[in-house]
Every structure is written in C-alpha cells, then in structure tokens.
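Shown next, in structure tokens, is the structure this report addresses.
The values are calculated or read from the model by the stated rules, or taken from the named source; none is laboratory data. These numbers come from a predicted model, not from an experiment. When we count neighbours, we look across all protein chains shown, and the Cβ atoms used for this are built from the backbone with ideal geometry, even at glycine.
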Amino acid sequence: MNTKTIGFIGLGVMGSAMAGHLKASGERLIVYTRTRAKAQMLLDAGAEWSDSLAQLAQQCDVIFTMVGYPSDVEEVYFGPDGLLAHARQGTILVDMTTSRPDLAIRIHEAGRQKGIRTLDAPVSGGDIGARNGTLSIMVGGDEATFEEVKPLFAMMGKTIVLQGGPGAGQHAKMANQIAVAANLIGAVESVTYARRAGLNPTTVLQSITTGAAGSWQLANMVPRMLEGNFAPGFFIKHFLKDLRIALDAAREMKLDLPLLELAERLFEQLTAEGMENLGTHALYMLYDRGLVQSLTSRG
C-alpha cells in the first residue's frame, strides 16, 4: 500500500515486536500504550509517541490494536477517548487482539456508520512468531479492506488468510486455541509419562517430534518445560480468557467440547495457584506436582 501513517496501540510481549516490524519497514509509526516505558525501544528506533488514544486516532490512516482483554478492546474502541469517536472517515481500524466474535461485529457496525473500515485479525505464533515476523494472521472483514492492509500484515506474519466477514477472524482464532489446548495437554502428558517411565524426556523428544506426534508445542514448549523456564511467550491469564471465549461461543452454537472444558479447568487451577503471569507451558507444573487428579475426576 502507499505510504501511510500507522498507529499501534498495545505494546506487550507480542505487540512491541509486531510494531517493531512495521517501524523497521520504514513506515511512519505512532504508538500508544498505558505504560510509556514499554514503548521506549520503539521510540529509540524512531517511532513517535501519542499522549492519548484520541490524539493517535486523529493522525493515523491505519491503526492496529493489540491489547489484553475484550474489556480493553471495548475501552479502546468505544470509550469517550476511543478510536471510533476520534478516527477520521476512511481510517482503517485493525483489532489484532484475541477477542469475542460478537464484539468484532459490533465494532464493524459502529465503524460502518461513521465511514470507518474495520478488520478483526487475531494472530497465532506466540512471542517467537511475533519476533520472527512469522505469525499466522486470521482476518475477518471485507475483501477490499483486507487487500489494502495485506502488505502491512506481511511485515508481521507469514500466513495471512481472509476467513470471511466481520467476526470470522475471531472465530478462526477460537478454532486455533482449541487445537493449541489439545496439543499442549498432549505434550505435557507425553513428557510427564516419559519421565515417570524412567526415560530421558529430551531423548524421547528427539524421536517423537519428527513423527506423527510432532507439533509446535512439542518442538517449542517442551524444551522450555524441561529447562524450568516458564517465562511467558503467551500468558496463562490470556489463554484462559481465550478458552472462556471459545466455550461461550461453543455453547451459543449448542456444541459440546469436553477437551476444551478440561483445558479451562486446568488453566483455572493454574490461575488459582497464582501462576497467571507465567507462560502457558507452566501447565507442566500441575502434572509434575501431581495436582491434576482432582480436576480430571470431576463430574
């Protein structure tokens, strides 16, 4: 797309790396986040700081948001200082937060009434994908807007797919998170079994990551588990939020997903034990400490 002024809101573990790719491409980038210190690396690289959402909205042609929870999305888009109140006609707003499909539809409808175009575009790939610019980006919205923003998506991700109309990106991300939960539980149970059987889990990993059991979780998360490194690539608290969104949507569709329900219980337990700010692979600690039985035996 022609050179435009880009806004980026939300500079957490993933957002800062994603915004960094946009800045490295030479785009004019204006950033805002609640804690200015999180923006310092980008500011040092030439990004500009905005003192408010409203100020950013008034200056930018395309604005990306990557915040924590649906409640944050509500505030950023619908608040009195928010994007929908202050963005100019013709602005494109792209929410990359994993959020509720129904909220994405509400944002689209509110934007349409004001001449503002919107996309919902959640991502998968964690901190590694964000740093490497290899994220999978799942997009909902109209095709013309998608094609206009696609060159910017290509700076942050490798797999960029329009899934359908407004909300479709969020539904695709829910499908992704359901598969992630299944893969993560499987990886944790696999390594727990190997260790209990007296095997060297690292050696077992050499055999199973390249066979039919191979997965991103086995290849990337199990080594961190075995090192005792539970720093967040993706926070437990955010994954639990995603699981609950997926369960709510499944229930609305009268869909029974027992493995998803199990994942919610496991991550609720991790949160109850004060681990919400660790990475999702800290699930291994529940198994390692023998705390899973009471969960799986419920009901």
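Of all residue pairs spaced 6 or more apart or on separate chains, those with beta-carbon atoms under 8 Å, a first member in region 9-37 that is farther than 18 Å from V149 by Cβ and a second member that is part of a helix (DSSP H, G or I) and basic (K, R) are L11/K38; G12/K38; S16/K38; A17/R131. With respect to the conditions (1) farther than 16 Å from M18 by Cβ; (2) in contact (Cβ under 8 Å) with a residue 24 or more places away in the chain, I137 falls short on a single one, namely (1).
Taking L199, is it under 21 Å from D288 (Cα atoms) and crowded, with 18+ Cβ neighbours inside 10 Å? Answer is no for this residue. Of the numbered criteria (1) within 17 Å of G140 (Cβ to Cβ); (2) touching an Asp or Glu at 6+ places or on another chain (Cβ under 6 Å), the one I30 fails is (1). Of all the residues that make up region 25-35, how many are touching a strand residue (DSSP E or B) at 6+ places or on another chain (Cβ under 7 Å) and loosely packed, with under 15 Cβ neighbours inside 10 Å? The qualifying residues number 0. Is there a residue in region 170-190 that is among the small types (G, A, S), surrounded by 19 or more Cβ atoms within 10 Å (Cβ to Cβ) and closer than 23 Å to S71 by Cβ? Yes, that holds for at least one residue.
From the list L43, L83, L56, the one residue that fits, being within 22 Å of the chain's Cα centre (by Cα) and either assigned by TED's automatic domain parsing to the domain that holds D120 or buried (at least 17 other Cβ atoms within 10 Å of the Cβ) (or both), is L83.
Here region 151-179 is the region considered, the condition is being free of Cβ contacts under 8 Å to residues at least 40 places away in the same chain and not small (G, A, S), and the residue that is farthest from G20 (Cα to Cα) is Q163. Restricting A213, A182, A197, A175 to residues that are more than 26 Å from the chain's Cα centre (by Cα) and aliphatic (A, V, I, L, M) narrows the list to A197. Residues that are part of a helix (DSSP H, G or I), crowded, with 20+ Cβ neighbours inside 10 Å and in contact (Cβ under 8 Å) with a residue 12 or more places away in the chain occur at least once in region 140-147.
Looking only at residues of region 86-127 that are assigned to a helix (DSSP H, G or I) and within 15 Å of the chain's Cα centre (by Cα), we find that the one that is surrounded by the fewest Cβ atoms within 10 Å (Cβ to Cβ) is D127. For region 1-22, residues that are surrounded by fewer than 19 Cβ atoms within 10 Å (Cβ to Cβ) and not in a loop (DSSP other than H, G, I, E, B) total 1.
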